[in-house]
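Worksheet for the structure shown next.
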């Protein structure tokens, strides 16, 4: 589990991402395609074309971190890509606190 302070925003990069990219390549994608600051403390999540791999990019006070999760079976459920930014909040009826998710505009497809 990633220990995150309260108030961290989670951004899902809509569309697919080239999973060959590392920490610097994904940080550059956050800056150029998503027009956000990768050093701002938000968590950015990218999904590969097959849907079984996600990479999470996060910068805290000590530096940048890259987390990778691959599913052996199944795929990560991902929202449909849309224009602009869609913001979804936590369900007020949920028994646990969940992070709000921010869905960004579509990024370029992997070649």
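The values are calculated or read from the model by the stated rules, or taken from the named source; none is laboratory data. Just so it is clear, the structure is predicted and the values come from calculations on it, not from any experiment. Note: ideal-geometry Cβ built from the backbone for every residue, glycine included; neighbour counts use all protein chains shown.
Looking only at segment 53-88, residues that are under 21 Å from residue 23 (Cβ atoms) and modelled with pLDDT under 90 come to 4 in all. When each of 34, 28, 57, 53 is tested for being out of contact with any strand residue (DSSP E or B) (no Cβ under 6 Å at 6 or more places or on another chain), at negative phi and in contact (Cβ under 8 Å) with a residue 24 or more places away in the chain, the lone residue that passes is 34. Please indicate, with yes or no, whether at least one residue in segment 12-34 is in a strand (DSSP E or B), within 18 Å of residue 76 (Cα to Cα) and in contact with a helix residue (DSSP H, G or I) (Cβ under 9 Å, 6 or more places away or on another chain). For segment 12-34, residues in a strand (DSSP E or B), within 18 Å of residue 76 (Cα to Cα) and in contact with a helix residue (DSSP H, G or I) (Cβ under 9 Å, 6 or more places away or on another chain): absent.
Quickly run through segment 1-17 and pick out the residues that are farther than 18 Å from residue 36 by Cβ and modelled with pLDDT of 80 or more. Result: 16, single match.
For residue 102, the criteria (1) touching a strand residue (DSSP E or B) at 6+ places or on another chain (Cβ under 8 Å); (2) within 17 Å of residue 6 (Cα to Cα); (3) at pLDDT 85 or above hold in every case but one, which is (3). In segment 50-60, the condition of being outside any strand (DSSP E or B) and over 23 Å from residue 79 (Cβ atoms) is met by no residue.
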